[in-house]
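A.B. asks: Here it is: the structure, laid out below.
Values quoted throughout were computed directly from the atomic coordinates according to the rules given, and no laboratory measurement underlies them. The structure presented is a predicted model; accordingly, all values stated were derived computationally and were not measured. All Cβ positions, glycine included, derive from the backbone under ideal geometry; neighbour counts span all protein chains shown.
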Amino acid sequence: MAFARTMGYMAPECLSTGKARKQSDVFSFGVVALQIACGRRPIEVLEHPNKVKLVEWVWEILATGVKLEEVDEKLNGEFDQEQMERLMVVGLWCAHPDFNLRPSMDQAISMLNGETAQSNLIPPR
């Protein structure tokens with residue numbers, strides 16, 4: 001199996017086993033959601049050395065509350081704080097390293113639409 005330019009979007013289980021499953025697509029969706037929210041690539045080695053892996057970085061900032069400088073600067077501060085936090089929570093939930101703790105796509109979309117309460121995220125170990 002050959003992978004080109006997809007490392008940041010690949011679920012950990014795909015990298016370790018070479019096999020994809022439904023939850024692998026959910027992981028990729030989560031990374032895209034975080035990329036939209038933060039305006040950053042999934043892996044940035046040179047541009048932001050202290051923010052190398054987007055998913056890990058968002059776990060850290062969500063613990064302290066989303067700040068303006070952590071959201072995509074192209075938004076110029078014009079975003080709803082609650083919606084942005086919801087997008088980040090859904091992104092993290094979908095990109096959880098344990099595929100058993102990821103939501104279904106229906107659950108993720110329902111939460112994005114505000115139809116269900118935010119999930120209590122279990123941080124990775």
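A.B. asks: Note the full-extension length gain between LYS74 and THR116 as 0.36 nm times their separation in residues minus their Cα-Cα distance, in nm to one decimal.
C.D. replies: Gain in length upon complete extension: 12.2 nm.
A.B. asks: Now, a different point. Can you compute the modelled spin-label distance between ALA20 and MET105, with each label point 7 Å from Cα toward Cβ, in nm?
C.D. replies: Spacing of the two 7 Å Cα→Cβ label points: 1.1 nm.
A.B. asks: Kirkwood hydrodynamic radius, the stretch 21-112, all distinct C-alpha pairs: what's the number in Å?
C.D. replies: 13.3 Å
A.B. asks: Starting with the fewest neighbours, write out ILE122, ILE61 ranked by other beta-carbon atoms found within 10 Å of each beta-carbon.
C.D. replies: Fewest to most other Cβ atoms nearby, the residues stand as ILE122, ILE61.
A.B. asks: What does the highest-first list of 82-95, 17-30 look like by mean Cβ count within 10 Å?
C.D. replies: Output ranking for 82-95, 17-30: 82-95, 17-30.
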